[in-house]
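To start, the structure itself, in structure tokens.
The values are calculated or read from the model by the stated rules, or taken from the named source; none is laboratory data. Treat the numbers as computed from the prediction; the structure is a model and nothing was measured. Glycine also receives a Cβ, built like all others from the backbone with ideal geometry; neighbour counts cover every protein chain displayed. Accessible surface areas use protein heavy atoms only, side chains included; no ligands, DNA or RNA. Shrake-Rupley method; radii C 1.70, N 1.55, O 1.52, S 1.80 Å.
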Amino acid sequence: MRFSLVTLSILILLQSGFAAEDSATSPPNFVVIIIDDLNDYVGCLGGHPNASTPNIDRLAERGVLFTNAHCNSPVCNPSRTSFLTGLRPATTGITSNRFGWFREVDGFEDVLTLPQAFADEGFATFGYGKTFHRKKTADLASPYAHSLRYPEWQHWSSFDYGPVLNQEEHLSYETGDRLTDWGIPPKSPAHPRASHDFTIAQRSINVLLDDHDKPFLVACGFYRPHTPLYAEEKWFELHPRDEIALPETRDDDRNDLVYLMKHGHQRTDAEIEAPGLWTHPWVTENDKWHEILQAYLASTSAMDAQVGRVLNALDRSPHRDNTYIVLFSDHGWHLGEKEHWGKAAIWEQTTRVPLIVAGPGISGGAVCSRPVELLSIYPTLIDLAGLPRPPHLEGVSLRPLLENPDGPWDHAALTTFCDHHSLRTDSHRYIRYADGSEELYDHTKDRHEFDNLAVTAAEAPGTRKLLEKLRATMDAIVDSDSP
């Protein structure tokens, strides 16, 4: 990974007659920061008045902030499979966490992933923390099923979600498992910190501060604010519980949700992703809303501090002026909005994610409100790197919007969960569930998605016409990407 003595000697000799290749014409490097379960509770997105994310905010000042960015699936495995393979969930069939490793799906054993595409073109690739949705480091070491090429990352380390307390040590919830716990965990030799994010950041920092004889792609996959919502005491103190605002809700919010009324829940029993997660009645009846919000905000601020460490390292490194930074979350998260808790839904709070792109030639402090998808991450990085586009990619490059954030953009963002789909445009969200039930929200007037316009469409010609258009747009995307 370091320059050899021979290489350094050649460079010294060349200084007398030839300059080393300028960084502006050298292949760029890439830092990809992937955050787990972060919604719009980010300062620059204004999702919560008590959010404190100064480092994500300063990254936004260095590049383009996409304020209408959406995941392609609202749970970890299909979302990460999608943006790292460049394929929609409906294409691979991985549409919920019930499905396993994409390499085990017929027809996708040899699909070229984002890091492999870069490695094919001579990049060194590093993946630390949660990148792909796998529980064991050994899984990432498994090469292609048939071609026996190389693992997903050339250099990698995987971690778990951090300390999981036993029944006697659990902090707040009766099960004491990672899906439901929150608080300040006791330190121990095995778990000196509340999460592994510090170590994940440090591994990435080591790459940034090192010398390289080839361009690199490093992915830094942070676990927080994924549950358990553990953070050190100083982050809880940053968010005093009695000062935390609750999300805006409405008592009759669910009355016009046809699918929910028919089925009792957005998910069937077979589709439930986190059976131990909080329910709105449990949270409100036990007066836990402020506590959980505090823990989520604290976990987010703790993670943001690690983002800051990575950004500071890049600024100190020799690669600063020739490195693109992409930061995003795999999907959003509800904390009581629409009386929902967690992920696994296809409303705004679950699909909307932070997305920031900064780097050479990208104007700082720019904001883009066009609807974009995480499916665009792969083709965008390929485009910025000047690499050949793999033919299987289904997303579009965001480069036109990086060059002109207000420019024309004829694309909508599609999110899929199980057999349900949600479409986000500049102004509306259209949802169609597996049984044909529909929801329609006008974001120019109703950013909290309180009023489902689809239930009154029969009496509103304009709404009927809009629904027809959105149905056709959704069908065109789903049908074109179906296997």
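What is the one condition in (1) modelled with pLDDT of 90 or more; (2) under 21 Å from the mean Cα position of the chain (by Cα); (3) crowded, with 17+ Cβ neighbours inside 10 Å that T199 does not satisfy?
Of (1) modelled with pLDDT of 90 or more; (2) under 21 Å from the mean Cα position of the chain (by Cα); (3) crowded, with 17+ Cβ neighbours inside 10 Å, only one is false for T199: (3).
Consider only pairs whose beta carbons are under 7 Å apart and that are at least six residues apart or on different chains; among these, list those whose first residue lies in region 181-200 and is free of Cβ contacts under 8 Å to residues at least 40 places away in the same chain and whose second residue is open to solvent by less than 40 Å² (accessible area, probe 1.4 Å) and of a type outside the set (A, V, I, L, M, F, W, C).
Within 7 Å, the pairs are H191/G162; H191/P163; H191/P185.
Got at least one residue in region 340-360 being more than 20 Å from the chain's Cα centre (by Cα), modelled with pLDDT of 95 or more and of a type outside the set (F, W, Y)?
Yes: region 340-360 contains one or more residues that are more than 20 Å from the chain's Cα centre (by Cα), modelled with pLDDT of 95 or more and of a type outside the set (F, W, Y).
May I ask you to verify whether A454 is more than 20 Å from G395 (Cα to Cα) and surrounded by 15 or more Cβ atoms within 10 Å (Cβ to Cβ)?
Details: more than 20 Å from G395 (Cα to Cα): yes; surrounded by 15 or more Cβ atoms within 10 Å (Cβ to Cβ): yes.
So A454 passes the test.
What are the pairs with Cβ atoms under 8 angstrom where one residue, in region 309-330, is more than 18 Å from I56 (Cα to Cα) and of a type in the set (D, E, K, R) and the other, located anywhere, is in a loop (DSSP other than H, G, I, E, B) and modelled with pLDDT of 95 or more? Sequence gap at least six, or different chains.
Listed pairs, sorted by first residue: D321/P360.
Scanning for something modelled with pLDDT of 60 or more, closer than 22 Å to T131 by Cα and touching a Gly at 6+ places or on another chain (Cβ under 6 Å), does region 173-184 turn up at least one residue?
Yes: region 173-184 contains one or more residues that are modelled with pLDDT of 60 or more, closer than 22 Å to T131 by Cα and touching a Gly at 6+ places or on another chain (Cβ under 6 Å).
Go through the residues of region 462-478 one by one and say whether even a single one is acidic (D, E) and out of contact with any Asp or Glu (no Cβ under 9 Å at 6 or more places or on another chain). Explain how you work it out, then say what you get.
Pass one, region 462-478, residues acidic (D, E): 468, 475.
Pick out the ones that are also out of contact with any Asp or Glu (no Cβ under 9 Å at 6 or more places or on another chain) and you get 468, 475.
Taking every residue of region 462-478 in turn, at least one turns out to be acidic (D, E) and out of contact with any Asp or Glu (no Cβ under 9 Å at 6 or more places or on another chain).
Quick one: which of A24, A51 is modelled with pLDDT under 95 and open to solvent by 10 Å² or more (accessible area, probe 1.4 Å)?
It is A24.
Conditions first: (1) part of a loop (DSSP other than H, G, I, E, B); (2) closer than 30 Å to I431 by Cβ; (3) not aliphatic (A, V, I, L, M). H239 passes all but one, so which condition is the exception?
(2)
Scan region 323-337 for residues that are open to solvent by 10 Å² or more (accessible area, probe 1.4 Å) and either in contact with a strand residue (DSSP E or B) (Cβ under 7 Å, 6 or more places away or on another chain) or among the basic types (K, R) (or both) and jot them down.
The one that is open to solvent by 10 Å² or more (accessible area, probe 1.4 Å) and either in contact with a strand residue (DSSP E or B) (Cβ under 7 Å, 6 or more places away or on another chain) or among the basic types (K, R) (or both): Y324.
Just to be sure before I move on: is I477 under 20 Å from Y259 (Cβ atoms) and either surrounded by 19 or more Cβ atoms within 10 Å (Cβ to Cβ) or out of contact with any strand residue (DSSP E or B) (no Cβ under 6 Å at 6 or more places or on another chain) (or both) in the structure I sent?
no
Considering only region 377-407, how many residues are closer than 20 Å to N322 by Cβ and of a type in the set (D, E, K, R)?
Looking only at that region, the number is 3.
F99: free of Cβ contacts under 8 Å to residues at least 40 places away in the same chain and over 30 Å from R241 (Cα atoms), yes or no?
Yes, satisfied.
Which of (1) at pLDDT 85 or above; (2) aromatic (F, W, Y); (3) not in a helix (DSSP H, G or I) does F118 not meet, given it meets every other one?
(3)
State which residue is nearest to A90 (Cα to Cα) when the search covers only region 121-130 and only residues that are in contact with a Leu (Cβ under 9 Å, 6 or more places away or on another chain) and either open to solvent by less than 20 Å² (accessible area, probe 1.4 Å) or part of a helix (DSSP H, G or I) (or both). Before the answer, list the steps.
So in region 121-130, the residues in contact with a Leu (Cβ under 9 Å, 6 or more places away or on another chain) come out as 121, 123-127.
So of that shortlist, the ones also either open to solvent by less than 20 Å² (accessible area, probe 1.4 Å) or part of a helix (DSSP H, G or I) (or both) come out as 123-127.
Numbers: F123: 30, A124: 31, T125: 28, F126: 28, G127: 26 Å.
The residue in question is G127.
May I ask you to list the residues in region 349-404 that are open to solvent by less than 30 Å² (accessible area, probe 1.4 Å), closer than 22 Å to V478 by Cβ and touching a strand residue (DSSP E or B) at 6+ places or on another chain (Cβ under 7 Å)?
Once the filter is applied, which keeps residues that are open to solvent by less than 30 Å² (accessible area, probe 1.4 Å), closer than 22 Å to V478 by Cβ and touching a strand residue (DSSP E or B) at 6+ places or on another chain (Cβ under 7 Å), region 349-404 yields T350, T351, V353, P371, V372, E373, L374, I377, G395, L398.
Among the candidates A51, A69, single out the residue that is small (G, A, S), under 9 Å from P354 (Cβ atoms) and in contact with a Leu (Cβ under 8 Å, 6 or more places away or on another chain).
A69
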